[in-house]
Amino acid sequence: MSKPSLQKPDLNSNQKSANNSQAAGPVTWFNRIDYGILIKKAGFLFWENRRRLIVLSVFLLLTGGQAITGGSSFSSGGNFSGSSQEKSEEDWKSILNNIESQDRLKNQVRSWATDQETLYAAVFVGLIALTIVLTIALLLFFLNCHLHLLLIKNVSYLSRGEKKSPAAIKKEVKGRWKKLVYLRLIFGLMYLGVFLVFLLPAGLFALQKSWAMAVMLVILGLLSIMVAFIILGYVFRYSLFYFILANLSIRESIDKGYDLFVKNWKESVLASIVNFALGIIAGLSIFFLVLLALVGLVIVGGLIWGMIYLLMAMAHPWEIAIGVGIFAVIILLCFVIFLAAAWQAFVVIFWHSVFSELAGCKTVEEARAEVKEATQTTDSGKDKKPVVKPVIQKEEE
């Protein structure tokens, strides 16, 4: 039987569609990029290189590339039986108990403060714990920067059809994670500065107890922060691609990223809307896949529990259930991480395609061919015009 294979999309279809649209009429901002073709290209590229990209994305995810948070808060309801007097008495008792517990805590803190040996030991242990946590966080952050370089470089080469070995790519990006750390810290300080600038007026009015103005300024400040954070997110994304793909300096990357966003902010917002729609579809798909995996694990886990329970002569049922449950949770967690990493890899490919379309990135060979063709055209004409060189995606030998 013949093995089914995916049909490779036409990599130049965006350029052809742009040429056709130019022939039919003027190109507007919303039809400059065919996002349908970009999605097909990203999906094909991901599927063809899924093993290579998912491995990098899993490590990127585990080092903080994409935060997975989950939690729920449960509040127990009160006792609705009994009279209102009983309720008020219970409320007073709970208040008195809280006050007593706070007094005990204060007394304990005072005793620790007066006991210098205990205080110094607590401070020493706290500093050691803080140092260990900060060291681990910094190491994960540095590794995350290196993985960003590897993933985007791999996507760049694979999108151009160049099967460059992972070892060669590692050698190419070796040491550049240090500059990427500075780039990310600069944008982190920008985020912090925006947050402080827009909420500082509300804080000043709150100090003067002008609560109405403080609340109004907080609302306006949060809206302004949201807009500013969105703009900084676009600039950072494009600056990151410029820094990694074109090997520019940090300042040049930020300048280029800002200019690219200013010139193509409508296309960028449209790309985000497409990304958001795809994220909803991916989220629902992941939810149903996890649900099916959970049902399968419950069935298989129940069978395994029953077999072990019978083999152990009807002994320790709860211990067996806890062990099987922990093993099932680990499998489910690995499955969720795998799906999240796959989605992250697709998103990187999608935004790399959007960036390449907006920035007009060319390989060295394509750029030289375009410059040569443009030079020949101007030489044959009567009025010679300066040749505009295309943006070159630099490659290290």
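Observations
- Total residues in region 143-186 satisfying the condition of being free of Cβ contacts under 8 Å to residues at least 60 places away in the same chain, of a type in the set (D, E, K, R) and out of contact with any Cys (no Cβ under 9 Å at 6 or more places or on another chain): the figure is 6.
- Taken together, the residues in region 230-249 that are outside any loop (DSSP other than H, G, I, E, B) and either exposed (fewer than 15 other Cβ atoms within 10 Å of the Cβ) or not hydrophobic (A, V, I, L, M, F, W, C) (or both) amount to 7.
- From the options Leu189, Leu207, Leu140, Leu130, residue that is more than 23 Å from Ala359 (Cα to Cα) and touching a residue at least 40 places away in the same chain (Cβ under 8 Å): Leu140
- Count of region 250-294 residues which are touching a residue at least 60 places away in the same chain (Cβ under 8 Å) and hydroxyl-bearing (Ser, Thr, Tyr): 2
- Residues that are of a type in the set (Gly, Ala, Ser), assigned to a helix (DSSP H, G or I) and more than 24 Å from Tyr258 (Cβ to Cβ), drawn from region 182-229: Ala202, Gly203, Ala206, Ala212, Ala214
- Members of region 151-165 found to be closer than 15 Å to Leu56 by Cβ, among the small types (Gly, Ala, Ser) and either touching a Phe, Trp or Tyr at 6+ places or on another chain (Cβ under 6 Å) or exposed (fewer than 10 other Cβ atoms within 10 Å of the Cβ) (or both), listed by number: Ser165
- Considering each residue of region 246-262 in turn, at least one proves to be of a type in the set (Val, Ile, Thr) and in contact with a helix residue (DSSP H, G or I) (Cβ under 8 Å, 6 or more places away or on another chain).
- Candidate set from region 166-181 (those that are outside any loop (DSSP other than H, G, I, E, B) and small (Gly, Ala, Ser)); member that is surrounded by the most Cβ atoms within 10 Å (Cβ to Cβ): Ala168
- Being at pLDDT 85 or above, crowded, with 16+ Cβ neighbours inside 10 Å and part of a helix (DSSP H, G or I) is a property that does not hold for Leu333.
The values are calculated or read from the model by the stated rules, or taken from the named source; none is laboratory data. These numbers come from a predicted model, not from an experiment. Using ideal geometry, Cβ is built from the backbone for each residue, glycine included, and neighbour counts are taken over all protein chains shown.
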